[in-house]
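One structure is given below, encoded as structure tokens.
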Amino acid sequence: MSILRVVGLVCSFLITAAALMPTAFAAGDPAEGAKAFRVCAACHSLATDRNMTGPSLAGIWGRKAGSLKSFDRYSRALKSSAIVWNQKTLDAWLKSPAAFIPRNNMNFRGIPDTRQRADLIAFLKAESNGSFQLPAAMTASPFKDLKQLGPAHQVTAIRYCRDSYRITTADGRMTAFWEANLRFKTDSSDKGPLPGRPVIMPAGMMGDRASVFFAAPGEISEFIKHHCDAEAK
Ligand code: HEC
């Protein structure tokens, strides 16, 4: 057999092998995946045990689905799926979470683009095995430390009268809110307020809505004084 013939055979073998490779497993680009992760970051952090709407995805590669101990809100469907996160399972999940695990809690339609999924998966793998240096912005908490806020945010009194809440802050100001525009929330994380020291944060663009954060739910009704008196203008 001539050398040219051998080279030809080897080439045709390589071409066939390449054609048979499933495209879903083409190597992704972790740097592109890091950019694509922005849509996930609304619900997932990459800091260990910092859970949001969804569980932290730090070290997700090789983890059993629904097994992060610090996350309390897994669906029964995900927990009982017996899936381990790898190239194949992540690809199916990110393509269509609802089709892969019906009745799961991830409110996300999926990513139809094969390339983008491959990039994301390459990124999650590289993050898990420590071979990808996350930019500081990706590990920094997306949340402000509510204990560090200034007097304009520190709530000293909340009065409720008819359909209004009047919030007094440590800078001496009082602001009135229509009751439907104010939300009461708790933040038990290390970024949350100190016990008994709720804080107010504006919500939305117009300045007419806000959220008040407490350290624990029991504080809420204790803090709100229900009375209408003459000076409550
Ligand atoms: C709207 C919020 C939201 C978005 C956006 C979102 N997720 Fe999720 N994700 C969740 C929730 C909630 C769960 C838990 C699902 C359950 O328990 O059924 C979850 C679970 C997961 C899991 C399984 C975790 C485990 O511990 O088993 C992975 C992996 C995952 N998401 C990856 C992603 C990726 C990658 C993206 C971006 C392409 C993304 N998610 C976008 C909310 C979201």
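The values are calculated or read from the model by the stated rules, or taken from the named source; none is laboratory data. No experiment lies behind these values; they were computed from the predicted model shown. Positions of Cβ are generated from backbone atoms using ideal geometry, with glycine treated the same way; all protein chains shown enter the neighbour counts. Ligands, DNA and RNA are excluded from the accessible area calculation, which covers all protein heavy atoms including side chains. Shrake-Rupley method; radii C 1.70, N 1.55, O 1.52, S 1.80 Å.
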Matching residues, segment 197-226, being in contact (Cβ under 8 Å) with a residue 40 or more places away in the chain, open to solvent by less than 60 Å² (accessible area, probe 1.4 Å), in contact with a helix residue (DSSP H, G or I) (Cβ under 9 Å, 6 or more places away or on another chain) and under 13 Å from ILE158 (Cβ atoms)
PRO198, VAL199, ILE200, ALA210, VAL212, PHE213
Since SER131 meets every condition but one in (1) within 30 Å of ALA34 (Cα to Cα); (2) polar (S, T, N, Q); (3) surrounded by 11 or more Cβ atoms within 10 Å (Cβ to Cβ), which condition does it not meet?
(3)
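Got a sec? Which of ALA27, ALA19 is open to solvent by 30 Å² or more (accessible area, probe 1.4 Å), in a helix (DSSP H, G or I) and modelled with pLDDT under 95? First the steps, then the outcome.
Numbers: ALA27 fails: in a helix (DSSP H, G or I).
Every option except ALA19 fails the conditions.
Going by the structure shown, is GLY66 under 30 Å from GLY192 (Cα atoms), surrounded by 13 or more Cβ atoms within 10 Å (Cβ to Cβ) and in contact with a Cys (Cβ under 7 Å, 6 or more places away or on another chain)?
Working: under 30 Å from GLY192 (Cα atoms): yes; surrounded by 13 or more Cβ atoms within 10 Å (Cβ to Cβ): yes; in contact with a Cys (Cβ under 7 Å, 6 or more places away or on another chain): no.
No; evaluated as a whole, the condition is false for this residue.
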Could you list all residues from segment 71-83 that are open to solvent by 70 Å² or more (accessible area, probe 1.4 Å) and aliphatic (A, V, I, L, M)?
ALA82
Hey, ILE121 hits all of (1) of a type outside the set (Phe, Trp, Tyr); (2) surrounded by 20 or more Cβ atoms within 10 Å (Cβ to Cβ); (3) more than 17 Å from TRP61 (Cβ to Cβ) but one; which does it fall short on?
(3)
